[in-house]
1. How many residues, within segment 1-25, are closer than 30 Å to residue 152 by Cα and at pLDDT 80 or above?
2. Criterion first (among the hydroxyl-bearing types (Ser, Thr, Tyr), surrounded by 13 or more Cβ atoms within 10 Å (Cβ to Cβ), at pLDDT 85 or above and over 21 Å from residue 148 (Cβ atoms)) does residue 58 satisfy it?
3. When you go through (1) more than 16 Å from residue 26 (Cα to Cα); (2) modelled with pLDDT of 90 or more one by one for residue 80, which number turns out not to apply?
4. Condition check: under 30 Å from residue 154 (Cβ atoms) and either in the same structural domain as residue 112 (by TED's automatic domain parsing) or part of a helix (DSSP H, G or I) (or both). Does residue 80 satisfy that?
5. Identify, from the list 174, 97, 168, the residue that is under 21 Å from the mean Cα position of the chain (by Cα) and either farther than 30 Å from residue 64 by Cβ or in a loop (DSSP other than H, G, I, E, B) (or both).
6. Provide a single number: the residues in segment 134-162 that are part of a loop (DSSP other than H, G, I, E, B) and acidic (Asp, Glu).
7. Please enumerate the residues belonging to segment 44-63 that are over 17 Å from the mean Cα position of the chain (by Cα) and either part of a strand (DSSP E or B) or not hydrophobic (A, V, I, L, M, F, W, C) (or both).
Amino acid sequence: MRETARRRGLDAGVPVWAADDVTVETVRGYVSVDPSDEVRLFRVRVHIPDFSWEIGGTDDLALLVDVIAAWRDGVPLDVLSARFPFLELGELAEALARGEPTAAQWTGLLSSGFGPGGLLRRLHRDDVLRTAFPTVTHGAVRLRVDPMNAASRQVLVRELREGCYEVARLPGAAWVEVSDTGLVSWLRAALDVPRGPA
């Protein structure tokens, strides 16, 4: 990729230490290339900490370099889509480009039926908690204050049984049991989000 980019007069941002896999930092999150083991195919993924999604793939190394360089240069998504038809830039990629991935992630999770739907709906009803970026991991919901910063304040919450939850502040805190009535207050305090109507 580095050599192809050099020959094409582009900067694809490939770090000098990159060997087998390539991850490039951009203003729109990280972009990585995941080569297929079975066929010649370079899958392009976009990442924010602890979350990634595939936006397309190509077997053409020159096109791959072009798309990564264009992504790094901040080329608008509609231009990228027109120029690189193999890209599938959905709502989340558009929201990331606008700097607003949180609302799109909530919409995607709530409409997918994936994960603990009742808990997700419960958290989303709170006007403060829905400003945190949600992901689902091992049946628990992770809420992060800043989706672009892996060290940002974050919590995990999972439902133990009706009306009872376990919560943990990350990194490394022990799980704590909280009741349904105390859940929102605990999460807001752990995320250090201003208190408001629950």
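The values are calculated or read from the model by the stated rules, or taken from the named source; none is laboratory data. Predicted model only: the values in this text are computed from it and were never measured. All Cβ positions, glycine included, derive from the backbone under ideal geometry; neighbour counts span all protein chains shown.
1. Summing the residues that are closer than 30 Å to residue 152 by Cα and at pLDDT 80 or above in segment 1-25 gives 3.
2. Judged against the criteria, residue 58 is a match.
3. Every condition holds for residue 80 apart from (1).
4. Considered against the rule, which asks whether it is under 30 Å from residue 154 (Cβ atoms) and either in the same structural domain as residue 112 (by TED's automatic domain parsing) or part of a helix (DSSP H, G or I) (or both), residue 80 comes out as no.
5. Unique residue meeting the criteria: 168.
6. Taking segment 134-162 first, the residues part of a loop (DSSP other than H, G, I, E, B) are 138-139, 145-153, 162.
Going one step further and asking which of them are acidic (Asp, Glu), we end up with 146, 162.
Here the count works out to 2.
7. To start, the set of residues in segment 44-63 that are over 17 Å from the mean Cα position of the chain (by Cα) comprises 57-63.
Across segment 44-63, the qualifying residues are 57, 58, 59, 60.
Listed here are the residues, each with its yes/no results for (1) in contact with a Leu (Cβ under 7 Å, 6 or more places away or on another chain); (2) surrounded by 18 or more Cβ atoms within 10 Å (Cβ to Cβ); (3) assigned by TED's automatic domain parsing to the domain that holds residue 45.
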{"residue": "107", "(1), (2), (3)": "no, no, no"}
{"residue": "126", "(1), (2), (3)": "no, yes, no"}
{"residue": "134", "(1), (2), (3)": "yes, yes, no"}
{"residue": "152", "(1), (2), (3)": "no, no, no"}
{"residue": "161", "(1), (2), (3)": "no, no, no"}
{"residue": "172", "(1), (2), (3)": "no, no, no"}
{"residue": "175", "(1), (2), (3)": "no, no, no"}
{"residue": "179", "(1), (2), (3)": "no, no, no"}
